[in-house]
Amino acid sequence: MVAMTIRAIRGAITLDRDERDHLHARTTELVEAIMRENALTTDQLVSVLFTCTPDIVSDFPAAAARELGLGAVPLMCAQEMAVPGALPRVVRVMMHVDVDRAREDIVHIYLHGAVALRRDLAQ
């Protein structure tokens with residue numbers, strides 16, 4: 001039996017506008033940055049959970065991820081809570097990965113306006 005080390009990688013990105021092509025471009029940017037900065041291959045992905053703020057309705061971020069070749073990876077989308085004053089037009093991701101790496105060596109990615117969400121983790 002082979003032991004797996006599952007780690008969760010967080011990330012977020014903001015949209016300038018809620019349009020399908022823009023959502024796909026920003027989701028692609030976020031997923032590619034997480035994959036690159038953590039030196040991941042598609043085979044290391046266990047599952048990916050995307051959330052969007054309620055003001056994003058143009059498409060599912062998972063649709064963009066499938067276009068990146070993640071179609072065999074379990075993908076799920078959900079809506080964030082509608083908290084008054086929350087940052088608008090945010091796509092968040094939690095990527096579960098199989099990596100033999102310490103938790104503190106995981107690189108979380110926050111891009112564009114989402115840097116404000118986690119200045120302590122932003123690249």
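Just so you know, all these numbers are worked out from the coordinates, no wet-lab data involved. These numbers were taken from a predicted model, which means no experiment stands behind them. Glycine gets a Cβ as well: all are built from the backbone with ideal geometry, and neighbour counts include every protein chain shown.
Annotations for the structure displayed:
- Scope region 21-39; condition closer than 14 Å to ILE106 by Cα, under 11 Å from the mean Cα position of the chain (by Cα) and either in a strand (DSSP E or B) or touching a residue at least 12 places away in the same chain (Cβ under 8 Å) (or both); matching residues: ALA33, ILE34
- None of VAL57, VAL90 is touching an Asp or Glu at 6+ places or on another chain (Cβ under 9 Å), within 17 Å of GLU19 (Cβ to Cβ) and surrounded by 20 or more Cβ atoms within 10 Å (Cβ to Cβ) except VAL90.
- Verdict on ASP18 being surrounded by 12 or more Cβ atoms within 10 Å (Cβ to Cβ), closer than 24 Å to GLY113 by Cα, without any contact (Cβ under 8 Å) to a residue 60 or more places away in the chain and among the acidic types (Asp, Glu): no
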